[in-house]
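Notes for the one structure printed next.
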Amino acid sequence: MTYHITLQPSGHQFTAGANETLLEAALAADIHLPYGCRNGACGACKGHVVSGEVDLGAYQPSTLSEADRAAGQALLCTAHARSDLTLKVREVSRAGEVAPRTLPCRVERMERLAPDVMALWLKLPANERLQFLPGQYLDFLFKDGRRRSFSLANNPEHDALIELHIRHVPGGWFTDQVFSAMKVKDIMRINGPHGSFFLRDSDKPAILLAGGTGYAPMKSILSHALHADAGRHFILYWGARTRADLYQIDGPQQWQAHPRFDFIPVLSEPDTAWPGRSGLVHQAIMADFPSLSGVEVYACGAPPMIDAARRDFLALGLPEDAFYADSFNYQETHEAR
Ligand SMILES: Cc1cc2nc3c(=O)[nH]c(=O)nc-3n(C[C@H](O)[C@H](O)[C@H](O)COP(=O)(O)OP(=O)(O)OC[C@H]3O[C@@H](n4cnc5c(N)ncnc54)[C@H](O)[C@@H]3O)c2cc1C
């Protein structure tokens, strides 16, 4: 059984199954509503049921008072539709609308994805979730005031664990620790979400340019956008040095079954058995698109790749306001920005 949900004041619409919460259904339809705990405890997702019938679910009475209920309020992270609904809610459309928070977290899992790439999965305390837009990043905070930035790789709908892809910078203060001393159950402190690198509303084809662990935010963006499928075409160009550096490649390979997704891996130092494209990844895009006037580009990776892509793509007609990038500056540069 599915129900038709209309949001006020935006007019956005989506369908919700009887067994999914209204928040889950909205996120799956690429509609971002504010939320915190996803557990009926924090009240961040409170909305007003203008018409229709909901099952309020397992909310906490201190968060949804009798007066709230009498006024037609519901917590969208616990409420289920029982009829077609009209809801009055605040929607999150820009990154700044999700306020960054500082939270403790525990390293739940670590996996070496490539010789110099470690995946970390972080668990937040019970009743806490980190809301973010796909593409944004978080900072690790340290006692001496240092911060280290990493892009969120998980789909925001699957936020029970936060996934990060960390490249080892030899001699780097933090990443050296990740590859030598860090272990499961270590406690860390994070602050986020941050950044304005997220998908804009547009019908234009989106070219996603990832260098190395620049794949992390692309994974978050694509796993969310292809699932929501708003009819937009996505092309992921992922550049790495060797085949071993294309970690988790089965993900984009499987997404190729989607009619509106193409994946082009590009190696700068391929061995002779590599059947695919080689060279600089942003130049592969230029070879495929002699004009870039009709697309948007989202680029993420090392600063030299971002700088070269911006310069060369604008020369091929890409409008300046159609180039979005997160440059993996290291911290001294980043903190000075
Ligand atoms: C918004 C943002 C998002 C990011 N997301 C990711 C991500 O998802 N995955 C990821 O692997 N990295 C990401 N980075 C880069 C990451 O933050 C740095 O690599 C990391 O902070 C290095 O920390 P460190 O303490 O090990 O090195 P530091 O001790 O800070 O640096 C030691 C020296 O290493 C060099 N160095 C440091 N970082 C880099 C680098 N990235 N490239 C080249 N040289 C460097 C510099 O010479 C520096 O002086 C991101 C950066 C930003 C700004």
(Q) Consider segment 229-247. How many of its residues are surrounded by 15 or more Cβ atoms within 10 Å (Cβ to Cβ) and among the small types (Gly, Ala, Ser)? (A) 2
Q) With Gly36, Gly43 as the choices, which residue is surrounded by fewer than 21 Cβ atoms within 10 Å (Cβ to Cβ) and over 30 Å from Tyr324 (Cβ atoms)? A) Gly43
Q: Six or more apart or on different chains, Cβ under 6 Å: which pairs go from a residue in segment 156-169 that's at pLDDT 90 or above to one that's more than 8 Å from the ligand (Cβ to nearest atom) and among the basic types (Lys, Arg)? Could you list them?
A: Leu161/Lys123
Q.
Just checking, does segment 125-132 include any residue being within 17 Å of the chain's Cα centre (by Cα), of a type in the set (A, V, I, L, M, F, W, C), outside the structural domain of Asp245 (by TED's automatic domain parsing) and under 21 Å from Cys45 (Cα atoms)?
A. yes
Q) Checking Leu199 against (1) in contact with a helix residue (DSSP H, G or I) (Cβ under 6 Å, 6 or more places away or on another chain); (2) within 13 Å of the ligand (Cβ to nearest atom), which single condition isn't satisfied? A) (2)
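Does segment 117-132 hold any residues that are farther than 18 Å from Gly211 by Cβ and either modelled with pLDDT of 95 or more or surrounded by fewer than 22 Cβ atoms within 10 Å (Cβ to Cβ) (or both), and which are they?
Scanning segment 117-132 gives Leu120, Trp121, Leu122, Lys123, Leu124, Pro125, Ala126, Asn127, Glu128, Arg129.
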**Q.** Every residue from segment 133-186 that is surrounded by 15 or more Cβ atoms within 10 Å (Cβ to Cβ), near the ligand (Cβ under 9 Å from one of its atoms), among the charged types (D, E, K, R) and assigned to a loop (DSSP other than H, G, I, E, B)
**A.** none
Q: Within segment 320-337, count every residue that is at pLDDT 85 or above and surrounded by 14 or more Cβ atoms within 10 Å (Cβ to Cβ).
A: 7
Q: Mind listing whichever residues of segment 221-238 are more than 16 Å from the ligand (Cβ to nearest atom), touching a Pro at 6+ places or on another chain (Cβ under 6 Å) and either of a type in the set (D, E, K, R) or modelled with pLDDT of 95 or more (or both)?
A: His233
Q: Could you tell me whether any residue of segment 296-308 is within 24 Å of Gln136 (Cα to Cα), at pLDDT 95 or above, hydroxyl-bearing (Ser, Thr, Tyr) and within 15 Å of the ligand (Cβ to nearest atom)?
A: yes
Q.
Which numbered condition in (1) within 24 Å of Phe198 (Cα to Cα); (2) crowded, with 21+ Cβ neighbours inside 10 Å; (3) within 15 Å of the ligand (Cβ to nearest atom) is the only one that Ala114 fails?
A. (1)
Q: Check whether at least one residue in segment 89-96 is in contact with a Gly (Cβ under 9 Å, 6 or more places away or on another chain) and hydroxyl-bearing (Ser, Thr, Tyr), and report yes or no.
A: no
Q) Before we move on, is Pro304 more than 15 Å from Gly211 (Cβ to Cβ) and out of contact with any Lys or Arg (no Cβ under 8 Å at 6 or more places or on another chain)? A) no
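I want to confirm something. Restricting to segment 202-220 and keeping residues that are within 13 Å of the ligand (Cβ to nearest atom) and not small (Gly, Ala, Ser), which single residue is surrounded by the most Cβ atoms within 10 Å (Cβ to Cβ)?
So the first thing to find is which residues in segment 202-220 are within 13 Å of the ligand (Cβ to nearest atom), and the list is 210-220.
Retained after the next criterion (residues that are not small (Gly, Ala, Ser)): 213, 215, 217-219.
On the way: Thr213: 28, Tyr215: 30, Pro217: 27, Met218: 26, Lys219: 23.
Restricting to residues being within 13 Å of the ligand (Cβ to nearest atom) and not small (Gly, Ala, Ser), the top hit is Tyr215.
The values are calculated or read from the model by the stated rules, or taken from the named source; none is laboratory data. Every value quoted in this text rests on a predicted model; they were computed, and no experiment measured them. Cβ atoms come from the backbone with ideal geometry, glycine included; neighbour counts cover every protein chain shown.
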